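First the structure, in the form of structure tokens, and then the observations on it.
The values are calculated or read from the model by the stated rules, or taken from the named source; none is laboratory data. None of these values were measured; they are calculated from a predicted model. Cβ: placed from backbone, ideal geometry, glycine included. Neighbour counts: every protein chain shown. We work out accessible area using only protein heavy atoms, side chains counted, and drop any ligands, DNA or RNA first. Shrake-Rupley method; radii C 1.70, N 1.55, O 1.52, S 1.80 Å.
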Amino acid sequence: MSLLVVGLSHRSAPVSILERASLSADTQAKLLQDTLAAEPAAEGTVLATCNRIELYADVDKFHAGVAELSTLLAQHSGVGLDELTPYLYVHYEDRAVHHLFSVACGLDSMVVGEGQILGQIKDALALGQELHTAGRLLNDLFQQALRVGKRAHSETGIDRAGQSLVTFGLEQLAQDADVETWAKGKKALVIGAGSMSSLAAATLARSGVSEIVIANRTLSRAERLAQILGEAGGTPRGNSGGGTGVAARAVEMVAVGDELTRADVVVSCTGATGLVLTGEAVEDAVQGRTAPLFLLDLAMPRDIDAAAHRIPGVRLVDIESLAEASADAPMAADVDQVRGIVSDEVAAFGAAQRAAHITPTVVALRTMAAEVVAGEVARLEGRLPGLDDKQRAEITQTVRRVVDKLLHAPTVRVKQLASEPGGAGYADALRTLFDLDPETVASVSRADLNDADVKNRGRV
């Protein structure tokens, strides 16, 4: 396994760098295409969220891979390599697996234990599959990461260690008050209609706000979300609970200024590259009002001008302030249990990958043995033409049994040995001892990869 991850997150970089380095959907696709065009990489996919950007690749050279992936991240993020490098982290082989599994369990999240990262990992895998940049290794890795994350949430109380970023943000807005008490009767404006905005709207509805207005560049998406929120039993995308029957309506983005003057709480999470709410717009909206205006900015790059922090009567919570607050959040005892799950799963994944590495060699060996048997049976038929069908079949079966028995113990044992650390050399030993044609082994690997690609593409 030659898995490499190069990335940056809220743990390694300030929000100002993360904000500048954020990748649009089109940029992510171009990054993956360029990654595969680079010499060291055979596979690649990118995990990009509001507080992390990570490029995963299967590389044949470590140092060349780190240099190439770092350069590509700098080129596509628009942050110069010299400026970006101090904030990058690198994980290789088992450490890279451990990192992704920890991310999937929410251990590396800004709010420990949050579950939204699983959907983002699923999206990262889907993009790699769609662009055909994720091969067998990354398919296996990300599929297993999803299973490990789900196992952590189902077998432990990691959910108690933290909430979603939305809930955590609302708690920061409410300060010492209970969120439901704070939210009751308030009018909310949600800007955006993606998964995070949908989750925010659903959370606000459950918390007891009296009205929710959804503003989005595509009005039909805002209307759909408003409809779902207003239906008892509806389920907005990204929300695991039912609808609330809250009063909800949709507006176009041009109406945001007017709605801002009526709102008590504003949550913004769009994919815009510039500010959605300027400091001047916020200042205008609070003129003459006595009630405070609460702003929650979950976008990266930011949607709301940081200058709003300084406007009297306005409380702004954004990714930067959330990062500071989460550093002091208490850790639940369940975190240790999740760490144990991650360690066990990393060991199991490594063993499976090492065992899979030798499988093409074992298949090639058995193929060669079958060809030897077929050749010897054909030679025997030439020397003993008087054999009837029953005798020929019995001799053929006997020779096959002898070969199978001779190969069974060593091939089973070599798979066991190959699954242990340092076991990769057993495949080389088999190829050398039995003089196996490398092309035959490679053809088995290619066929195996194609089968895995077809199978995994249908599992996302």
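Filtered by the rule that a residue be within 27 Å of E39 (Cβ to Cβ), surrounded by fewer than 19 Cβ atoms within 10 Å (Cβ to Cβ) and of a type in the set (D, E, K, R), the range 100-139 gives a lone residue, E130.
I'm trying to understand the selection: among the residues of the range 170-188, which are over 15 Å from G230 (Cα atoms) and of a type in the set (A, V, I, L, M, F, W, C)?
Answer for the range 170-188, where residues must be over 15 Å from G230 (Cα atoms) and of a type in the set (A, V, I, L, M, F, W, C): L170, L173, A174, A177, V179, W182, A183.
Among the residues of the range 26-48, those identified as farther than 14 Å from L73 by Cβ, aliphatic (A, V, I, L, M) and in contact (Cβ under 8 Å) with a residue 60 or more places away in the chain are A29, L36, A42. Look through the range 108-134, keep the residues that are without any contact (Cβ under 8 Å) to a residue 40 or more places away in the chain and among the charged types (D, E, K, R), and return whichever of them is nearest to L23 (Cα to Cα). Restricting to residues being without any contact (Cβ under 8 Å) to a residue 40 or more places away in the chain and among the charged types (D, E, K, R), the top hit is D123.
Scanning the range 66-92 for residues that are small (G, A, S) and within 22 Å of R11 (Cβ to Cβ) yields S70, A74, S77, G78, G80.
If you scan the range 43-65, which residues turn out to be of a type in the set (G, A, S) and open to solvent by 10 Å² or more (accessible area, probe 1.4 Å)? Walk me through how you get there before you give the answer.
Restricting attention to the range 43-65, the residues satisfying the condition of being of a type in the set (G, A, S) are 44, 48, 57, 64-65.
A48, A64 - these are the residues of the range 43-65 that are of a type in the set (G, A, S) and open to solvent by 10 Å² or more (accessible area, probe 1.4 Å).
Look through the range 348-374, keep the residues that are open to solvent by less than 50 Å² (accessible area, probe 1.4 Å) and small (G, A, S), and return whichever of them is nearest to R413 (Cα to Cα). Across the range 348-374, the extreme among qualifying residues is A355.
Considering only residues in the range 6-42 that are buried (at least 23 other Cβ atoms within 10 Å of the Cβ) and within 19 Å of E93 (Cα to Cα), the one that is modelled with the lowest pLDDT turns out to be A41. Taking every residue in the range 138-161 that is among the polar types (S, T, N, Q) and pairing it with any residue that is open to solvent by 40 Å² or more (accessible area, probe 1.4 Å) and part of a helix (DSSP H, G or I), at least 6 positions away or on another chain, the pairs with Cβ-Cβ distances below 9 Å are N139/K455; N139/R457; Q144/A348; Q144/A352; T156/Q337. Of the strands (runs of 3 or more DSSP E) lying entirely inside the range 237-338, none contains at least 3 residues that are at pLDDT below 85 and open to solvent by 60 Å² or more (accessible area, probe 1.4 Å). Contact map, the range 203-221: first residue closer than 12 Å to V246 by Cα, second residue in a helix (DSSP H, G or I) and open to solvent by 50 Å² or more (accessible area, probe 1.4 Å), Cβ cut-off under 6 Å, separation 6 or more or different chains; pairs are S207/E180; G208/E180.
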